[in-house]
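All remarks here apply to the structure that follows.
The values are calculated or read from the model by the stated rules, or taken from the named source; none is laboratory data. As the structure is a prediction and not an experimental result, all values here were calculated from the model. So basically every Cβ, Gly included, is an ideal-geometry build from the backbone, and we count neighbours across all protein chains shown.
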Amino acid sequence: MEPQRRDADKRQASFLTTLRAVAASFFGVRGRKAHESDVARLNPIHVVLVGIMLAVVFVLTLVMIVRWVVP
């Protein structure tokens, strides 16, 4: 393993960083450089958990909008 990769493995991304990365992927606006940085730092379990959480929030938001619009 090269030295740069080991340093990146040691630095774990914060919850906010994981949230931003997953939210950007929902919209498809993540750049290549940011994606490569995320791959090196993000914990896959955190990514899955945040993805599920954002999907639930998205679905609940749609349900609330529909209930508000349709009496």
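Checked against the criterion of being in a helix (DSSP H, G or I) and at pLDDT below 85, the candidates ARG6, ARG30, ARG20, ARG67 yield just one match: ARG6.
Reported count of residues in the stretch 30-71, each being within 21 Å of SER14 (Cβ to Cβ) and hydroxyl-bearing (Ser, Thr, Tyr), is 1.
Residues that are modelled with pLDDT under 85 and among the aliphatic types (A, V, I, L, M) were ranked within the stretch 33-45; the one that is surrounded by the most Cβ atoms within 10 Å (Cβ to Cβ) is ALA34.
Which of the residues belonging to the stretch 47-64 are surrounded by 13 or more Cβ atoms within 10 Å (Cβ to Cβ) and either at pLDDT below 90 or of a type in the set (A, V, I, L, M, F, W, C) (or both)? Spell out how you get there, then give the answer.
Pass one, the stretch 47-64, residues surrounded by 13 or more Cβ atoms within 10 Å (Cβ to Cβ): 47, 49-51, 54.
Listed by number, the residues that qualify are VAL47, LEU49, VAL50, LEU54.
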